Amino acid sequence: MTLPVFLTETPLAGASGTITMGPEVAGHAVRVRRMGAGEELELIDGTGVRLRGTIQEGTSESLTLSVTDVTEEPQQRPRLVLVQALAKNDRDIQAIEAATEVGVDTVIPWAAQRSIADWPAKKAHKMAAKWANVLTAATLQARRARVPELGELIRGTAVTQLVTPTSRVIVLDETESSGLTEAVNDLGEGSTTQGDIDEIVVIVGPEGGITPAEVDALVSEGARTAVLGPTILRASTAGPVALAIVQTLLGRWK
């Protein structure tokens, strides 16, 4: 049986012996999960560190643990970045939740030219916080030790700034003839295993699709277009499906 996992803001690297957690962990473990002395749990700090410990004593305000193991999961390379266009009916939220479960490292919200949804200046902070909460909850659901980073909102053709010498950018485009598998395999003479690529960036447009101007701007900077398959996926599913394919092609999924 897998152990319950809790997230703490306290850095866990180097922890040993006995540690005490505050209400952020204790309240959930003791009051919600009804855990008590002698039971084991796992803590993550969101940076890749995972701690296993046994409860010595606990209340809803304080939890004392005996540390039994601490491991640090290395950052995978190349990192996987999802640029998710804002979408209506929370389809963008569904996308980043599933992408986190799949293993995305960074999520970047994109106000594409055809995005119906938007983050007005007055609500941008609130919307970013909502996305961040989704990433955190999905991290715990997936039992990951590292919470994906949330990038700043990008608008329109400014998305081209993500094309760099050490990144490979793939734009999902239903009008393209070559597939995602070909695009990943052609990233550059085995470069995905030789380690000269820092990031693989997957760009997903809104329900209305990416405009020709946006596609042209990205391709002119060095991005590549690719199609997922013969069927059209929603904005909520295209990104996670693409990331799952990339994970498999990189040998991370068996």
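Just so you know, all these numbers are worked out from the coordinates, no wet-lab data involved. All values reported here derive from a predicted model rather than from experimental measurement. Here the Cβ positions follow ideal geometry from the backbone for every residue, glycine too, while neighbour counts run over all protein chains shown.
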DSSP-defined beta bridges in the chain - what % are antiparallel, rounded to 5: 40 percent
Bridge type composition, the range 53-127 - antiparallel percent by DSSP, nearest 5: 50 percent
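Pop the C-beta distance of E174 and Q75 into the FRET formula with R0 = 25 Å and round what comes out to the nearest 0.05.
Numbers: r = 32 Å, r/R0 = 1.29.
Efficiency for this residue pair is about 0.20.
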Count, lysine Cα pairs under 29 Å in the chain, 8 or more residues apart or across chains: 5
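Counting other C-beta atoms within 10 Å, and keeping those with at most 11, which DSSP coil GluC sites (Glu not before Pro) do you find in the range 4-44?
E9
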Using alpha-carbon coordinates, inclination of helix 235-249 to the longest axis of the chain, degrees: 80 degrees
Under Karplus coefficients 6.51, -1.76 and 1.60, residue-wise ³J(HN,Hα) of the range 82-88 in Hz, glycine/proline x: 10, 9, 9, 5, 4, 9, 7
Stretch gain in nm, segment R52-N89, where the contour uses 0.36 nm per residue and the Cα spacing is subtracted: 9.5 nm
D198/K254 FRET efficiency (R0 22 Å; Cβ-Cβ; nearest 0.05): 0.35
A124 paired with T10, simple spin-label distance in nm, labels 7 Å along Cα-to-beta-carbon: 3.6 nm
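How big is the charge dipole of the range 5-72 about its Cα centre, in debye rounded to the nearest 20, if each Lys and Arg gets +1 on its Cβ and each Asp and Glu gets -1 on its Cβ?
Rounded to the nearest 20 debye, it is 180 debye.
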Degrees between helix 91-102 axis and first principal axis of the chain (Cα, 0 to 90, nearest 10): 60 degrees
Cα-based helix-to-principal-axis angle, 121-141 vs the chain, degrees rounded to 10: 60 degrees
